[in-house]
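Read the figures in this text as sums done on the coordinates, not as results from a lab. Not measured: the values here are computed from a predicted model. Neighbour counts run over all protein chains shown; Cβ positions are idealised from the backbone, glycine included.
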Amino acid sequence: MRKTKKLKKIIAIIVISVVLIYVVYAIILLLLNPNNVYILTKGELYAEDETVGYIIRDEKVIKDDENTNGIYKIATEGQKVAKDEYVFRYYKESEKELTDQIDEIDYKIQELLEQEKITPSADIKVIENQIEEKLINLNSLFNYQEIIEYKNNIEELISKKVNHISQLTSNNEIKKLIQQRNEYENQLKNGASYKTATISGVVSYKVDGLEDQLKPDNLANITDTYLESLDLKTGQIISSSTEYGKVIDNFKCYIAVIINSELAQQAKIGDKVTLRISTTEEDEAEIVQINEGSGTRTIIFELNNMSQNLINYRKIAVDIIWWQKSGYKVPNQAIITKNVNGQDLNYIIRNKNGVQTEILVKVEKQNDKFSIISSYETKELQELGFNEDDIKNYKKISNYDEIILNNDKK
């Protein structure tokens, strides 16, 4: 037993020593020939273009040009609704007078409740906590649209609280005030112009007037000249409307870019790419339309899922990642091209213990500086015309191989 343990220990020491010697050797080799040797490791290559994109959506605007009193939002920004579900209603002309009277009644009810000292139910406590939380958040808001939405939510919560109180109190004066309050609320609702969703999707009040132009059934007419004529600012948030709303089909979204790079010229309908819309958000996309313009191409990509963030914008910065590939990464200086069996094949020179060997490799992807390479499989070598002996003696590349660079090849 002791001999076995001792033997294992000796073997372990030998293995560690060999590894250390190899590492020291590799470091010395790199120091002596820093420009001639490259250690093969796994890496990634990608090709991308930075540009700006115009957002195209299937969106239905909801409006009534005869109503100009503003809208009361039933569905909030970003809320999902079904077809025919209420989205908003237009304020009535007597809206302010009625809401002032409701506020006055709420104040009187609160005074009487303090005198009554009614023990609030669990439901009322929950609502009061929600109101308090909304009020705290309201003080930290600066955006007018958000402030209005918070105030509307607080009014709804107060109405719920009053209804719960009506079931608990025996005070006739409070009951009479609550009845009067309900009458005023009914007056607000009765005869009001309610607007519903014509399609299912996401509600938004950010209406910019381009909903009927930048739409999916108009892709063939969206050219560089037209997009540039819109004179839109990149990254500008669409203002919220006080008169209109809309419902957006959130299942699909389109982004049009004006671009004339080499990669863009090679692109074709059906190609799959990745779009980077922000530093953290990447989405798979497909080219569905290419419109040739005055020296440039307008390429339109389809995304299968529109993020909530895109609703706020019409023109954004976007990176097009045309392709990306992972694998063994080497400088292009390591690639040697030779004509074998009437075809150009790629090789690298591997240095192992001072012995240099040409290794046939497959170049998967390549950019200006680097290549992703891999070894051939037996079937591929047969297709290239190699015989059995060649295939039997074929050496594959592996991690941490030492590769000789051709410094004359820049």
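Shape class for the stretch 349-410, computed from the alpha carbon gyration tensor (a ≥ b ≥ c): oblate, with a/c not under 1.5 and a/b at or below b/c. Converting phi to 3J(HN,Hα) with the Karplus coefficients 6.51, -1.76 and 1.60 and the offset θ = phi - 60°, the stretch 300-307 yields 10, 9, 10, 10, 7, 8, 8, 6 Hz in sequence order, with x at every glycine or proline. What shape does the stretch 216-303 have by the C-alpha gyration tensor, where a ≥ b ≥ c are the square roots of the eigenvalues, rounded means a/c under 1.5, and otherwise prolate means a/b greater than b/c and oblate the rest? Prolate shape, in that a/c is at least 1.5 and a/b is the bigger ratio.
Between Thr169, Thr198, Thr76, the GNM of the chain built on Cα springs shorter than 10 angstrom shows Thr169 fluctuating the most. Is the shape of the stretch 62-196 best called rounded, prolate or oblate, per the rule: a/c under 1.5 gives rounded, else a/b larger than b/c gives prolate, else oblate, with a ≥ b ≥ c the square roots of the Cα gyration tensor eigenvalues? It is prolate, given that a/c is not under 1.5 and a/b is the larger ratio. Of the residues Phe251, Phe88, Leu98, the one whose Cα sits farthest towards the positive end of the charge dipole of the chain is Phe251 (charges of +1 on Lys and Arg Cβ, -1 on Asp and Glu Cβ, taken about the Cα centre). If you run the Gaussian network model on the chain, springs between alpha carbon atoms under 10 Å, then out of Ile237, Ile174, Ile56 the most flexible one is Ile174.
A Gaussian network model of the chain, with springs between Cα atoms under 10 Å, assigns the largest mean-square fluctuation among Thr99, Thr337, Thr51 to Thr337. Here the stretch 62-196 is assigned +1 on the Cβ of each Lys and Arg and -1 on the Cβ of each Asp and Glu. Its dipole about the Cα centre then comes out at about 380 debye.
Using the Karplus relation 6.51 cos²θ - 1.76 cosθ + 1.60 with θ = phi - 60°, the per-residue 3J(HN,Hα) values for the stretch 224-241 come to 4, 4, 5, 4, 5, 5, 5, 6, 8, 8, 5, x, 6, 6, 5, 6, 7, 8 Hz, with x marking Gly and Pro.
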